[in-house]
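Worksheet: the structure to be examined is printed underneath.
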Amino acid sequence: MDTKISILSIESISPIGVDYDIIWANYLNSDHYITEQEFDKVPSLVASLSKKEQRLIEDLRLSNSKYKNLDETVLLSIIVSRQAISKANWTKDDTIGVNIGSSRGATKLFENYHQTYLKDGKLNTLASPTTTLGNISSWVAHDLQTKGPNLSHSITCSTGLHSLLNGIAWLNSGMSTKFMIGASESPLTGFTIAQMKGLKIYGLTNQDYPCQALNLKKTKNSMILGTAASSICIEKGESKNALAYIIGYGFSTEPLEHNVSISTNADCLQDSMKMALKNTPPSEVDIIITHTPGTIKGDSSELNAIDIVFGAKKPNITCNKWKIGHTFASSGLLSLQLGVMMLEKQQFIPIPYLKHKQPKKIEKILINSVGFGGNAVSILVSK
């Protein structure tokens, strides 16, 4: 890309916290945040928010009568978007675009309304507007009183990084000078977990590290769901207040062999990585943060793609799903936040059950995301 994109702020709420410094501190330890809980009386492994973060959600819900009927995905996005816009020093007088995506949308609220309908055969007035996908962005825009465009989309697990691509496109078009992008996911319901178990990809073994992302020796799929949201403020060009810069991006979609499949060598990821590296030699990439959800095929396919693109001199490789689970739409943005933190702190965050070498420098990091439908996004960030 010809013009850098400045990341002015990058905030998140997830099982490892909501405060930037606490999140980094939790990345420094070797603990995971996956526990066994019951959903519809069925025990399942999940990565849920702590009681502190749950209180933030309820406090927000009670702070405004308009918010009491909103889905958790909306409230999560409002929390992190308030933080992001404050850290970016933007005000409501700025013309700010908003694009918050989600893979599942208002999962919990929709399921509650559906149960009510099955029982009573009718629903209250707010059932429809509070379960549309676009209501996440529109409520964030309402809460922040932004004046620019607000929109939303859903492109499975790569939704968050697609939101980032969309924000970059708006900035490059000249139709917006400030853009907030994000994603929100609250998928911890019995029905959603049962869907993943039905795909035979869910982690069922409560071992030391239940999600074995990037471990090619595993013999069972180990994907585990988590709750998270993230919001990021970006501007075109270099800013003295930038945390990091986006210097490359790539995207691709591959023909489907099966509804949830990815090719053996992840052709879509090969293409997206090559596109992101257009102006950067692969040897200059210090770290790759992978999508690797903890499934046997998903993990091996992505590593095959990395082998093909980078050859024998592969960068250091890591991910965060072993710690916080797979947060669907939000996962790519949480990976991006981890990348920005490693650039800022100049420290590599390894996976405790795998062998790693510490990189000699941390100047450029590549972040991958891919979802059902064979759609991939790769983002290259630098100091």
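For the stretch 238-256, which positions are among the small types (Gly, Ala, Ser) and closer than 13 Å to residue 269 by Cα?
250, 252
Go over the candidates 163, 102, 176, 154 one by one and state the one that is over 21 Å from the mean Cα position of the chain (by Cα), in contact (Cβ under 8 Å) with a residue 40 or more places away in the chain and surrounded by 15 or more Cβ atoms within 10 Å (Cβ to Cβ). Steps first, answer last, please.
Numbers: 163 fails: over 21 Å from the mean Cα position of the chain (by Cα); 102 fails: over 21 Å from the mean Cα position of the chain (by Cα); 154 fails: over 21 Å from the mean Cα position of the chain (by Cα).
Among 163, 102, 176, 154, only 176 is over 21 Å from the mean Cα position of the chain (by Cα), in contact (Cβ under 8 Å) with a residue 40 or more places away in the chain and surrounded by 15 or more Cβ atoms within 10 Å (Cβ to Cβ).
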Response to the item:
Exception for residue 76 within (1) aliphatic (A, V, I, L, M); (2) surrounded by 18 or more Cβ atoms within 10 Å (Cβ to Cβ); (3) out of contact with any strand residue (DSSP E or B) (no Cβ under 8 Å at 6 or more places or on another chain) falls at (3)
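Return yes or no: is residue 337 at pLDDT 95 or above, touching a Ser or Thr at 6+ places or on another chain (Cβ under 8 Å) and not hydrophobic (A, V, I, L, M, F, W, C)?
Working: at pLDDT 95 or above: yes; touching a Ser or Thr at 6+ places or on another chain (Cβ under 8 Å): yes; not hydrophobic (A, V, I, L, M, F, W, C): yes.
For residue 337, the condition - at pLDDT 95 or above, touching a Ser or Thr at 6+ places or on another chain (Cβ under 8 Å) and not hydrophobic (A, V, I, L, M, F, W, C) - is met.
Go through the residues of the stretch 275-285 one by one and say whether even a single one is basic (Lys, Arg) and in contact with a helix residue (DSSP H, G or I) (Cβ under 9 Å, 6 or more places away or on another chain). I'd like the intermediate steps shown before the answer.
Going residue by residue through the stretch 275-285, those that are basic (Lys, Arg) are 278.
Within this subset, residues satisfying the condition of being in contact with a helix residue (DSSP H, G or I) (Cβ under 9 Å, 6 or more places away or on another chain) are none.
Among the residues of the stretch 275-285, not one is basic (Lys, Arg) and in contact with a helix residue (DSSP H, G or I) (Cβ under 9 Å, 6 or more places away or on another chain), which makes the answer no.
Kindly evaluate residue 135 against the criterion of being out of contact with any His (no Cβ under 9 Å at 6 or more places or on another chain), touching a residue at least 60 places away in the same chain (Cβ under 8 Å), surrounded by 17 or more Cβ atoms within 10 Å (Cβ to Cβ) and not assigned by TED's automatic domain parsing to the domain that holds residue 332. Full working, then the answer.
Numbers: out of contact with any His (no Cβ under 9 Å at 6 or more places or on another chain): yes; touching a residue at least 60 places away in the same chain (Cβ under 8 Å): yes; surrounded by 17 or more Cβ atoms within 10 Å (Cβ to Cβ): yes; not assigned by TED's automatic domain parsing to the domain that holds residue 332: yes.
Yes, satisfied.
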Item to complete: Kindly indicate whether residue 171 is surrounded by 17 or more Cβ atoms within 10 Å (Cβ to Cβ) and over 30 Å from residue 204 (Cβ atoms).
Response: yes
Response to the item:
Within the stretch 103-123, residues of a type in the set (Val, Ile, Thr) and under 18 Å from residue 61 (Cβ atoms) come out as 107
Discussion item. Suppose we keep only residues that are among the aliphatic types (A, V, I, L, M) and touching a Phe, Trp or Tyr at 6+ places or on another chain (Cβ under 6 Å) within the stretch 194-218. Which one would you say is nearest to residue 29 (Cα to Cα)?
Written reply: 213
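Each row is one residue, and each column tells you yes or no for (1) over 22 Å from residue 14 (Cα atoms); (2) in a loop (DSSP other than H, G, I, E, B); (3) not assigned by TED's automatic domain parsing to the domain that holds residue 252.
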{"residue": "313", "(1), (2), (3)": "yes, yes, no"}
{"residue": "340", "(1), (2), (3)": "no, no, no"}
{"residue": "361", "(1), (2), (3)": "yes, yes, no"}
{"residue": "376", "(1), (2), (3)": "yes, no, no"}
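Here's a check for you: in the stretch 19-47, which residue that is touching a Pro at 6+ places or on another chain (Cβ under 6 Å) and not acidic (Asp, Glu) is nearest to residue 204 (Cα to Cα)? Outline the logic, then answer.
Just the residues of the stretch 19-47 that are touching a Pro at 6+ places or on another chain (Cβ under 6 Å), to begin with: 30, 33-34, 36, 45, 47.
Now drop any that are not not acidic (Asp, Glu), which leaves 30, 33-34, 45, 47.
Details: 30: 21, 33: 15, 34: 12, 45: 7, 47: 13 Å.
Restricting to residues being touching a Pro at 6+ places or on another chain (Cβ under 6 Å) and not acidic (Asp, Glu), the top hit is 45.
Among the residues of the stretch 276-302, which ones are out of contact with any Leu (no Cβ under 7 Å at 6 or more places or on another chain) and crowded, with 18+ Cβ neighbours inside 10 Å? Even if it seems obvious, please write down each step before you answer.
Keep residues of the stretch 276-302 that are out of contact with any Leu (no Cβ under 7 Å at 6 or more places or on another chain), which gives 278-279, 281-284, 286-287, 291, 293-298, 301.
Selection gives 286, 287, 291, 293, 294, 295, 298, 301.
The values are calculated or read from the model by the stated rules, or taken from the named source; none is laboratory data. Fair warning: this is a prediction, and the values are worked out from it, not measured in the lab. Positions of Cβ are generated from backbone atoms using ideal geometry, with glycine treated the same way; all protein chains shown enter the neighbour counts.
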